[in-house]
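Working notes, beginning with the structure itself.
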Amino acid sequence: MTTKRMGAAICALAAGLMAGGQAVAQETLTWLEWWDPEYGEDVMDELVAGFEAETGIRVERTAVPWDNMFELLVSNARAGTADYDVLGMEAEWLTAIDRLGGLEPLDAYLEKDAAFAETLTDSTLVRWRDSVLMMNWYIFPYSYTYNVGLLEEAGVEPPSGWDEVVSVSEQIADSSSAEAGIGVLFNESGADYLPYYLFGSRLAQAGGRFFDDDGNAVFNSPEGVAALEWWMALNDSGVVAPGAFGVSKGQLREQFATGKIAAMWDGPFASTIAKQTNPDINVAYAPAWCDETCGYQWGGSGLAISANTEKKDAAWQFIKYLL
């Protein structure tokens, strides 16, 4: 147990004692999450310890791989009694978990804590059917993520725009130990990676949009065609890691960590994940590129409260603390 963790445990124990030495049951929250391997157990321990010391409420984490989260969320929703009180959540899971009655609407909590709600960004609250069902804990882009050492070995700088991706990847493949210049998944079955982070990023930077102000789909535009043609050209260029239509996200990250590919399209957690396989890897991210517009498609992951928990107020306190 770390010193901070031990100190928090002592504070929590003290908070659970009544005058005369009579112990009372300490409230304990269960948190289902996937962030231990992505951000590190020390970071997660420190977050939890701070909350425990501040509130006297204990938090037990269940950390699982991201790929297992949805199945456990479904089980939690079906249980009727909460196996987990606080839930790591993705927007793409909301509809299924809500259909099972597994999510607590957060609108009333936000109205009660109006001053807190005013501090949140426009992208923090995630609504489904007119209710806020989750809150993004963080918001991030997927971007050109690269192995600094392999690019230095090839004597190239990271691409500064979309038009340089192929030429830089060719130089990397020709001049370094990497087998391929860039890794991209074209078979990703998730609802976000392929349409949103790949097609959507190129669409946005070409000046296009998914929807107009009235909610009508407008991605079948000249910008949308250009975005698709760009990704098709990249796939046909010969610089993409073999198996783009067959490997999983985990396999792609393994290839990146072991130096088989020099770059990939991924999120800001890629460095921590890669270091678990290769502690010496130096990972960096290209600045936002500009075409007609600048930046990337933004996404996020967040937190929700189980509709079945009897500890909703404590769960809300914890989510507020994390945010």
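When the distances between all Cα atoms of segment 15-169 are binned every 5 Å from zero, what whole-number percent does each bin get?
1, 7, 12, 13, 16, 15, 11, 8, 7, 5, 3, 1, 1, 1, 0
Give the residue from Met135, Tyr285, Met264 lying farthest towards the positive end of the charge dipole for the chain; charges sit on Cβ (+1 for Lys and Arg, -1 for Asp and Glu) and the dipole is referred to the Cα centre.
Met135
Give the range of the longest stretch in the chain that excludes all GluC sites (Glu not before Pro) found in loop regions by DSSP and having at most 11 other beta-carbon atoms within 10 Å.
Values: sites that count: Glu118, Glu292, Glu310.
It works out to 119-291.
How large is the accessible surface of Phe245 in square angstrom, using a 1.4 angstrom probe and rounding to the nearest 10?
140 Å²
At 1.4 Å probe size, with no ligands or nucleic acids counted, give the accessible surface of Asp85 in Å², nearest ten.
Result for Asp85: roughly 10 Å² accessible.
Hey, got the Cα dimensions of segment 62-134 along the principal axes, in Å, largest first?
Computed over the Cα atoms, the extents are 34, 24, 21 Å.
Quick one: in segment 247-323, what % of C-alpha pairs are over 22 Å apart?
Values: 1495 of 2926 pairs.
In whole percent, the share of Cα-Cα pairs in segment 247-323 beyond 22 Å is 51.
Between Glu310 and Glu60, what is the label-point separation in nm under the 7 Å Cα-to-beta-carbon projection?
A separation of 1.5 nm, rounded to one decimal place.
Amide H of Leu29: which non-local residues (sequence gap of 5 or more, or other chain) have their own amide H closer than 5 Å, using H built in the peptide plane?
Distant-sequence amide H within range of Leu29: Arg58, Val59, Glu60.
Under unit Cβ charges (Lys, Arg +1; Asp, Glu -1), what dipole magnitude, rounded to 20 debye, does the chain have relative to its Cα centre?
Details: 18 positive and 48 negative charges, 176 e Å.
Taking the Cα centre of the chain as origin, the dipole is about 840 debye.
Describe numerically, in nm with one decimal, the distance between label points set 7 Å from Cα along Cα→Cβ at Ile139 and at Asn235.
Label at Ile139, label at Asn235, 3.1 nm between them.
Test of understanding: what is the full-extension gain from Thr81 to Tyr39, defined as 0.36 nm times their sequence separation minus their Cα-Cα distance? Before the final figure, lay out the partial values.
Numbers: separation 42, 0.36 × 42 = 15.12 nm, distance 2.95 nm.
Length gained, Thr81 through Tyr39: 12.2 nm.
At a temperature of 37 °C and a viscosity of 0.692 mPa s, determine how fast segment 203-255 diffuses translationally according to Stokes-Einstein, using the Kirkwood radius over alpha-carbon pairs as Rh; express D in µm²/s, rounded to the nearest whole number.
Numbers: Rh = 13.1 Å.
It diffuses with D of about 251 µm²/s by this estimate.
Treat segment 113-169 as a sphere of radius equal to its Kirkwood radius over Cα pairs and apply Stokes-Einstein at 4 °C in a medium of 1.567 mPa s; give the translational diffusion coefficient in µm²/s, rounded to a whole number. Before the final figure, lay out the partial values.
On the way: Rh = 15.2 Å.
Result for D is 85 µm²/s.
Picking from Ala96, Ala79, Trp66, whose Cα lies most toward the positive end of the charge dipole for segment 60-99 (charges on Cβ: Lys, Arg +1; Asp, Glu -1)?
Result: Ala79, furthest along the dipole toward the positive end.
Based on the Cβ-Cβ distance from Glu152 to Cys290, what FRET efficiency comes out when R0 is 25 Å, to the nearest 0.05? Walk me through the intermediate numbers first.
Working: r = 25 Å, r/R0 = 0.99.
Rounded to the nearest 0.05, the efficiency is 0.50.
Would you please state the base-10 log of I(q)/I(0) at q = 0.09, 0.14 1/Å for the chain, with intensities from the Debye formula using one equal scatterer on every alpha carbon?
So the normalised log intensities are -0.56, -1.16.
Using only Cα positions of segment 37-79, each an equal point scatterer, no hydration layer, compute I(q)/I(0) via Debye at q = 0.19, 0.23, 0.29 Å⁻¹ and quote the log10 values to two decimals.
Scattering profile of segment 37-79, log10 relative to I(0): -0.73, -0.86, -0.95.
Using Cα positions and a limit of under 19 Å, work out the aspartates and glutamates in reach of Lys260, with same-chain residues fewer than 8 apart set aside.
Glu152, Glu153, Glu157, Glu170, Asp174, Glu179, Asp280
Compute the distance in nm between two label points, each set 7 Å from the Cα along the Cα-to-Cβ direction, one at Lys275 and one at Val218.
4.3 nm
If DNA, RNA and ligands are ignored and the probe is 1.4 Å, what is the ranking of Trp298, Trp66, Trp34 by accessible area, most exposed first? Walk me through the numbers before you get to the answer.
On the way: Trp298 140, Trp66 75, Trp34 5 Å².
From most accessible down to least: Trp298, Trp66, Trp34.
Within the accessible area of the chain, what % is carbon and sulfur when the probe is 1.4 Å and the other protein chains stay in place? Write out the running numbers ahead of the final one.
Details: 7940 of 15710 Å².
Using a 1.4 Å probe with all protein chains present, the chain comes out at 51 percent carbon and sulfur.
Averaged per residue, what accessible area in Å² does the chain show with a 1.4 Å probe, protein chains only?
Values: 15710 Å² over 323 residues.
Spelled out: the 1.4 Å probe surface of the chain, per residue, equals 49 Å².
Could you work out, for segment 119-253, what percent of all Cα-Cα pairs fall into each 5 Å distance bin, beginning at 0 Å and stopping at the bin that holds the largest distance?
Histogramming segment 119-253 at 5 Å steps yields 2, 9, 15, 18, 18, 15, 11, 7, 4, 2, 0 percent.
Relative contact order for the chain: what percent, with Cα pairs under 8 Å and sequence separation of 6 or more?
Details: 528 pairs, mean separation 81.9, N = 323.
Once normalised by length, the contact order is 25 percent.
At 222 nm, what helix-only mean residue ellipticity would the chain give, in deg cm²/dmol to the nearest 500, using -39500 (n - 2.57) for each DSSP H run of four or more? Walk me through the intermediate numbers first.
Numbers: 14 runs with 128 residues, N = 323.
Calculated from helices alone, the mean residue ellipticity at 222 nm is -11500 deg cm²/dmol.
I need the phi-derived Karplus couplings for segment 140-157: 6.51 cos²θ - 1.76 cosθ + 1.60, θ = phi - 60°, integer Hz, Gly and Pro marked x.
Here the 3J(HN,Hα) series is 8, x, 8, 8, 5, 10, 9, 7, 4, x, 6, 5, 5, 4, 7, x, 10, 8 Hz.
Would you mind calculating the gained length between Ala114 and Arg209 on full extension (0.36 nm times residue separation, minus the Cα-Cα distance), in nm to one decimal?
Working: separation 95, 0.36 × 95 = 34.20 nm, distance 3.23 nm.
Here the answer is 31.0 nm.
The values are calculated or read from the model by the stated rules, or taken from the named source; none is laboratory data. A quick note: this is a predicted structure, and the numbers were derived from the prediction, not measured. A quick note on method: Cβ atoms are made from the backbone with ideal geometry, for glycine too, and the neighbour counts reach across all protein chains shown. Heads up: the accessible areas ignore ligands, DNA and RNA and are worked out on the full protein's heavy atoms, side chains in. Shrake-Rupley method; radii C 1.70, N 1.55, O 1.52, S 1.80 Å.
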